[in-house]
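Inspection log for the structure reproduced underneath, given as structure tokens.
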Amino acid sequence: MLIKDITILDKEFQPVEHTNVLVENGRFSYVGTKEVTRYAGAFISGKGKVMMPGFYNTHCHVPMTMARGLGEGLSLSDWLTKKMFPFEENLKGEDCYYGALLGAMELISSGCVSISDMYFHILDIARALDGAKIKANICHGLSSSDEQTKPENLKGWKDTLTLLKQTRQRKDDRIQVDAGLHAEYTSSDTLVRAVAELAKDQGLIVHTHISETQKEHRECKERHNEMSPVQYLKSCGIFENPVLAAHCVYLENEDRKIMAKSGASISHCISSNMKLGSGIAPISTYVDDGINVIIATDGAASNNNLNMMEEMHLASLAGKGAFHDSTMLPPAMILKMATVNGAHAQGRKDCGVIEMGKRADFIILDMDKPHLLPTHNLLANLVYSAQSSDLYMTVIDGETVYKNGEFLTIDRERVLYEVTKRVNRICHRKKAKVREC
Ligand SMILES: [Zn+2]
């Protein structure tokens, strides 16, 4: 694939005009201003377009697209116990397969090339995302409050090992497996320690929710002798592994030191945190601490979309507004959080930037739009003005998955049909509990 005369964001996320980009064998084989003569096929004209790295959505529950709009206006605990859990009780593996494909369509059509997902029925989710050809770090969010339950007897534990075996037999790394721990407040001590051991034994990233709400943070301290969730998880060995922690709205000074020292990443889910009334994480402070801060959507049920462009916009604005500083979280920093920082959090070291030799995961935006002119500052236009409808194409590992409104790896009509049919079935069965349907 050859893209001629396009403006790209280079590895420092600075615009470089009139660039030619050659993609071969899934990687950028040439990025520069010289003419590329060795490619004989049709080329893509970059006139009026911008190429940048695709987005890494580092905290998602992708089948929750099926619960989008369910239980609006409730408290987090009522939303979970009265709406989400009854809905999820009736989800089968094949439901999650189609829910994941619905999410994958939304993701790739808004420029996402890779997600970190936590849910259940992970074998079905992996099959869906693999078929859609989107990169994914998948985990089962393990939970068990019963100290007597042996972690290895949990279905999610078995599924994690099965998926791990499957992925290790593959030649590619599109699907990776993380060790999932739903959260401190849904886990027994035995389970937390077992997940820490599993990650250590298998060399996995631990993906978990941490300090999402003040209530969760306070109750953890009451349960665990004044230890915060970060401090408690550290005492169980979790931070001896790479950690991908969603939310972290209420970190204490000691927590921040632990996270910075261990090299953990914080997945900032601004839409979800605001929508559920959880608060606004001081991510600029975390960046100053040296923590790898990244951006994510969370599930579509608490967002209510999977659009990383909207998350970038909100992350910057909410931070500036909440902490009274218009100079914080500038566009280049936000763009890195949504791309290369996320790739590194997923352990995908050769991804996330447009540079010769790196993996060809990128998006092209059509900038010939009224709301994108003039170009005083391209990065500001990308973060504050661009819309997902400006997306021209999404390419993952050198393969085009979305172009000009067409999904090239997913049967759009089939997925929409299946999701509608399945949601009707689930809601009919639980009519008394899930009335919105
Ligand atoms: Zn979450």
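The values are calculated or read from the model by the stated rules, or taken from the named source; none is laboratory data. What you see is a predicted model; the values in this text were computed from it and never measured. For neighbour counting, all protein chains shown are included, and Cβ atoms are generated from backbone atoms with ideal geometry for every residue, glycine included.
Could you check how many residues of segment 200-218 are assigned to a loop (DSSP other than H, G, I, E, B) and away from the ligand (no atom under 16 Å from the Cβ)?
Of all residues in segment 200-218, those assigned to a loop (DSSP other than H, G, I, E, B) come to 203-205, 211-213.
Next, only the ones that are away from the ligand (no atom under 16 Å from the Cβ) stay: 203-204.
Number of matching residues: 2.
Residues that are under 21 Å from the mean Cα position of the chain (by Cα) and basic (Lys, Arg) were ranked within segment 128-165; the one that is surrounded by the fewest Cβ atoms within 10 Å (Cβ to Cβ) is Lys133. Within segment 13-30, the set of residues being out of contact with any Gly (no Cβ under 7 Å at 6 or more places or on another chain) and among the aliphatic types (A, V, I, L, M) comprises Val16, Val21, Leu22.
Checked against the criterion of being closer than 27 Å to Val62 by Cβ, touching a Lys or Arg at 6+ places or on another chain (Cβ under 8 Å) and among the charged types (D, E, K, R), segment 329-352 has at least one qualifying residue. Among the candidates Val293, Val287, the residue that is more than 16 Å from the ligand (Cβ to nearest atom), modelled with pLDDT of 95 or more, among the aliphatic types (A, V, I, L, M) and in a strand (DSSP E or B) is uniquely Val293.
Taken over segment 47-73, the criterion of being within 21 Å of Gln346 (Cβ to Cβ), within 15 Å of the ligand (Cβ to nearest atom) and in a loop (DSSP other than H, G, I, E, B) is satisfied by His61 alone.
Please work out if Ser389 is more than 22 Å from Val401 (Cα to Cα) and not hydrophobic (A, V, I, L, M, F, W, C). Criteria not met by Ser389.
Hey, among the residues in segment 298-318 that are among the aliphatic types (A, V, I, L, M) and within 24 Å of Thr285 (Cβ to Cβ), which one's farthest from the ligand (Cβ to nearest atom)?
The initial filter retains those residues of segment 298-318 that are among the aliphatic types (A, V, I, L, M), namely 300-301, 306, 308-309, 312, 314-315, 317-318.
Cutting the leftovers down to within 24 Å of Thr285 (Cβ to Cβ) gives us 308, 312, 314-315, 317-318.
Numbers: Met308: 15, Met312: 18, Leu314: 16, Ala315: 16, Leu317: 22, Ala318: 18 Å.
That would be Leu317.
Scanning segment 233-280 for residues that are of a type in the set (D, E, K, R) and buried (at least 20 other Cβ atoms within 10 Å of the Cβ), which turns out nearest to the ligand (Cβ to nearest atom)? It would help to see each step written out before you state the result.
Applying the first criterion (of a type in the set (D, E, K, R)) to segment 233-280 yields 234, 240, 252, 254-257, 261, 275.
Next, only the ones that are buried (at least 20 other Cβ atoms within 10 Å of the Cβ) stay: 234, 255-256.
On the way: Lys234: 21, Asp255: 18, Arg256: 21 Å.
Top of the filtered list is Asp255.
Kindly indicate which of Val230, Val249 is free of Cβ contacts under 8 Å to residues at least 40 places away in the same chain, closer than 27 Å to His140 by Cβ, assigned to a loop (DSSP other than H, G, I, E, B) and within 22 Å of the chain's Cα centre (by Cα).
On the way: Val230 fails: assigned to a loop (DSSP other than H, G, I, E, B).
The match here is Val249.
Of the numbered criteria (1) at pLDDT 95 or above; (2) within 16 Å of the ligand (Cβ to nearest atom); (3) not in a loop (DSSP other than H, G, I, E, B), the one Lys221 fails is (2).
Of the residues in segment 9-21, none is within 30 Å of His121 (Cα to Cα) and either out of contact with any helix residue (DSSP H, G or I) (no Cβ under 6 Å at 6 or more places or on another chain) or outside the structural domain of His313 (by TED's automatic domain parsing) (or both). Note on segment 3-40: residues that are of a type in the set (A, V, I, L, M, F, W, C), surrounded by fewer than 17 Cβ atoms within 10 Å (Cβ to Cβ) and within 27 Å of Asp173 (Cβ to Cβ) amount to 0.
Residues are listed down the side, and each one gets a yes or a no for (1) aliphatic (A, V, I, L, M); (2) out of contact with any His (no Cβ under 6 Å at 6 or more places or on another chain); (3) closer than 22 Å to Gly352 by Cβ:
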residue: Thr400; (1), (2), (3): no, yes, yes
residue: Glu406; (1), (2), (3): no, yes, no
residue: Glu413; (1), (2), (3): no, yes, no
residue: Leu416; (1), (2), (3): yes, yes, no
